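One structure below.
The values are calculated or read from the model by the stated rules, or taken from the named source; none is laboratory data. On a predicted model such as this, the values are computed, not experimentally measured, just so you know. Neighbour counts are summed over all protein chains in view; Cβ atoms, including those assigned to glycine, are modelled from backbone coordinates with ideal geometry.
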Amino acid sequence: ILRLGEAQAVRAMAQWFWADTRQQLPGLGLALIALLLAMAANVGVSTMVSSFRLTFVGFLDQRLSAELYVDA
């Protein structure tokens, strides 16, 4: 993709952009992997928390069954 973009670039600024992008790509790879890992961990923790919340609310609904609750 980078070679195609660089080949299509006519203006000097576009050529500079594609050359700079190609040069910075190895350093960006590690950062993108870290970002992907952080996002996956976020999704996993969010799933576990919501699952725990649903299970806990279901447990409380079973254990605290009453006809009437008085709240002040």
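Results for (1) in a helix (DSSP H, G or I); (2) surrounded by 10 or more Cβ atoms within 10 Å (Cβ to Cβ), shown as yes or no for each residue.
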{"site": "13", "(1), (2)": "yes, no"}
{"site": "20", "(1), (2)": "yes, yes"}
{"site": "26", "(1), (2)": "yes, no"}
{"site": "32", "(1), (2)": "yes, yes"}
{"site": "39", "(1), (2)": "yes, yes"}
{"site": "48", "(1), (2)": "yes, yes"}
{"site": "55", "(1), (2)": "yes, yes"}
{"site": "65", "(1), (2)": "no, no"}
{"site": "68", "(1), (2)": "no, no"}
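For the residues 28, 68, the requirement of being among the hydrophobic types (A, V, I, L, M, F, W, C) and at pLDDT below 80 singles out 68. Taking the condition among the hydrophobic types (A, V, I, L, M, F, W, C), on the phi < 0 side of the Ramachandran plot and touching a helix residue (DSSP H, G or I) at 6+ places or on another chain (Cβ under 9 Å), does residue 34 pass? No, not satisfied.
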